[in-house]
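This report concerns only the one structure given below.
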Amino acid sequence: MDTKNYQFAWNDKAFELVSCSIVRMRIDIISVMPDLLTSAFAHSIIKRAQEKGLLQIHLHALRDYAMNKYGQVDDTQFGGGAGMVLMCEPLARVIEKLKQERNYDAIIYLTPDGQTLKQPTVNRLSLQENLLMICGHYKGIDQRIRDVYVTLEISIGDYVLSGGELAAAVLTDSIGRLIPGVLNDETSALTDSHQDGLLAPPVYTRPADWKGYKVPDILLSGHFAKIEEWRYEEALRRTEERRPDLLKG
Ligand code: ADE
């Protein structure tokens, strides 16, 4: 990957990357409802990542690759049963087109029967250059597309959404914020919940006394080593209380 053409400038108080002519990551998302995703990527950190040129997100409307002029992309399932299935042909058409243009590091299908998304997978994916995400709808996509093209199947939790779009938004957000250069303070992602296998400790801001509810003294002490120790103990306590499963092994 080209590492030239980065442009840094003073922005507020920090010397930060304001533009670069190379894109660190490109994410393509195939969906029957791409409009559902536009707002999710038009705000906050993911918006900034795109403005800085570090992330490109391309939405592909599956209906543009439909079977016929009626925009058909789904059909009933063989063997009977309720619910429609996204057909092979439209999906294969768009996937093949995109694959001809670049190599994908992963072709991800968002599905409730995929592996549950965890921080290590997010960390690993944030280092890739090209990701392709496929959003299912209705009963999902034809199994043959999964067999032939999909390299990773991800669920964002043990519940069923109406489609894969919100899951793709969650996955893109979690990956996008970790792309080097996206967060102002590179270290802040390292202190997120789950990054060290623990939940994050509690955080406080001004005022130090709010209606008699006080910030723990230690945080006002200015003693950095002791504050770090306190935070670690709080993180451990919170994890033991709320997610003891994380501490096993
Ligand atoms: N599509 C529908 N439900 C989903 C889930 N829980 N995770 C990922 N994709 C989905």
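H223 exposes around 80 Å² of accessible area when a 1.4 Å probe is run over every protein chain in place. Of the residues K118, K211, ranked by 1.4 Å probe accessible area with the largest first, the sequence reads K211, K118. Bridge orientation summary for segment 83-177: considering DSSP beta bridges with both residues in this region, about 10 percent are antiparallel.
Taking all protein chains as they are arranged and a probe of 1.4 Å, the heavy atoms of M33 leave approximately 80 Å² accessible to solvent.
Here the 3J(HN,Hα) profile of segment 52-60, calculated from phi with Karplus coefficients 6.51, -1.76 and 1.60 at θ = phi - 60°, is 6, x, 8, 9, 10, 10, 10, 9, 10 Hz, Gly and Pro shown as x.
When C135, C88 are compared by accessible surface with a 1.4 Å probe, the order from highest to lowest is C88, C135. Neighbours of E101, meaning other residues whose beta-carbon lies under 11 angstrom from its beta-carbon, give a summed charge of +2 when Lys and Arg score +1 and Asp and Glu score -1.
Amide H to amide H, with H built 1.01 Å from N, R26 comes under 5 Å of Q56, N130, L131, counting only residues 5 or more places away or on other chains. In the context of the full set of protein chains, residues of segment 156-249 present 67 Å² of accessible surface per residue (probe radius 1.4 Å, heavy atoms only). Helix-only arithmetic for the chain: the sum of -39500 (n - 2.57) across DSSP H runs with n ≥ 4, divided by the residue total, places the mean residue ellipticity at 222 nm at -8500 deg cm²/dmol.
Accessible surface for D209 stands near 80 Å², nearest 10, in the context of the full protein assembly shown (1.4 Å probe).
Within the shell defined by Cβ-Cβ distances under 12 Å, the residues around L117 carry a net charge of -1, with Lys and Arg each +1 and Asp and Glu each -1. Figure note: K69, K99 ranked by solvent-accessible area, largest first, 1.4 Å probe, ligands and nucleic acids not counted: K69, K99.
The values are calculated or read from the model by the stated rules, or taken from the named source; none is laboratory data. For clarity, every value in this text was computed on a predicted model and none was experimentally measured. Cβ coordinates were reconstructed from backbone atoms using ideal geometry, including for glycine residues, and neighbour counts include every protein chain displayed. Accessible surface areas use protein heavy atoms only, side chains included; no ligands, DNA or RNA. Shrake-Rupley method; radii C 1.70, N 1.55, O 1.52, S 1.80 Å.
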